[in-house]
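Right, one structure below, let's go through it.
The values are calculated or read from the model by the stated rules, or taken from the named source; none is laboratory data. Note that the coordinates shown come from a computational prediction; the quantities given were computed from them, not determined experimentally. Here the Cβ is made from the backbone with ideal geometry for all residues, glycine too, and neighbour counts use every protein chain on show. Surface areas here come from the heavy atoms of the whole protein model, side chains and all, with no ligands, DNA or RNA. Shrake-Rupley method; radii C 1.70, N 1.55, O 1.52, S 1.80 Å.
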Amino acid sequence: MTDGILGKAATMEIPIHGNGEAGQLPEDDGLEQDLQQVMVSGPNLNETSIVSGGYGGSGDGLIPTGSGRHPPHNATPAGPGDEVARGIAGEKFDIVKKWGINTYKCTKQLLSERFGRGSRTVDLELELQIELLRETKRKYESVLQLGRALTAHLYSLLQTQHALGDAFADLSQKSPELQEEFGYNAETQKLLCKNGETLLGAVNFFVSSINTLVTKTMEDTLMTVKQYEAARLEYDAYRTDLEELSLGPRDAGTRGRLESAQATFQAHRDKYEKLRGDVAIKLKFLEENKIKVMHKQLLLFHNAVSAYFAGNQKQLEQTLQQFNIKLRPPGAEKPSWLEEQ
């Protein structure tokens, strides 16, 4: 089966112009990314060997990377160490060979799908949910960015109000004729700073929760989605391979290749079905978790902002107590409410 597959790879025709570029192929950044995704799971080998005879060569074609290609005529018989080395080299060759065949099949399937010559398995409901998750993640990332900007602005405002309050207090002591006026302005800035720190604590808690939801919970689900999409591509690649073999002549050699292809296809089908189920479950739990988290965080944000701009200090403090948000202890020096990135 390997020789037949690799023979097809050698005969695939892609029109080439004189400048060496593929003719009439549209530019597609997504295609390049998908091809990189196909190649990303390459074999991890600690040692390097050169294989003669091309992509479909046999284990006998291994050429050591040493300085000579032929052993001397008076070489001693191979010892146990040499046998082990040859065995390891053979195993690595098999790994590279299997990975290469799998990569070829997946790349062929991907190109066929992109140019409308091949069919792909589609779960419309699941793919709609996946696309909705990606769109939701993009929108939540925008909210996260704006929340961080608000945190930075509030922190700068607090620093300015604190400095202004100190300046008013100092002038109140040194300007007897305006002592009262400077004094109550200093008290106002002090109160605004206290309320601002409380609001900043609430906003920072909101930002931290959104960050966890986006970068951990959603990202974990999307990692499973990527595994599912890769398994779907492999499943369709081996399904196509099996269909092509089934349409060919039925002789003794073909029967063996067909049975092998059927077994490989079934293994990839099982993997695809399992990951499809995993994605469906994770999407369900993610939606439930998102609603629970955002219900709490949006209520916190609304109550804290409303109380702050209404000047309701008591309600602002009660909001933080309701959500178990602890502020810095009294006397702490210049804490940073900015979330560490």
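A few points about this structure:
- Tabulated pairs, region 267-287, first within 25 Å of Y238 (Cβ to Cβ), second outside any helix (DSSP H, G or I), C-beta under 8 angstrom, 6+ apart or interchain: Y272/T121; R276/D123
- Taken over region 136-154, residues that are of a type in the set (A, V, I, L, M), in contact (Cβ under 8 Å) with a residue 24 or more places away in the chain and open to solvent by 50 Å² or more (accessible area, probe 1.4 Å) amount to 2.
- Given (1) of a type in the set (S, T, N, Q); (2) open to solvent by 80 Å² or more (accessible area, probe 1.4 Å); (3) within 20 Å of T136 (Cα to Cα), index of the condition Q297 fails: (2)
- Residue in region 256-265 that is aliphatic (A, V, I, L, M), surrounded by fewer than 17 Cβ atoms within 10 Å (Cβ to Cβ) and in a helix (DSSP H, G or I) present: yes
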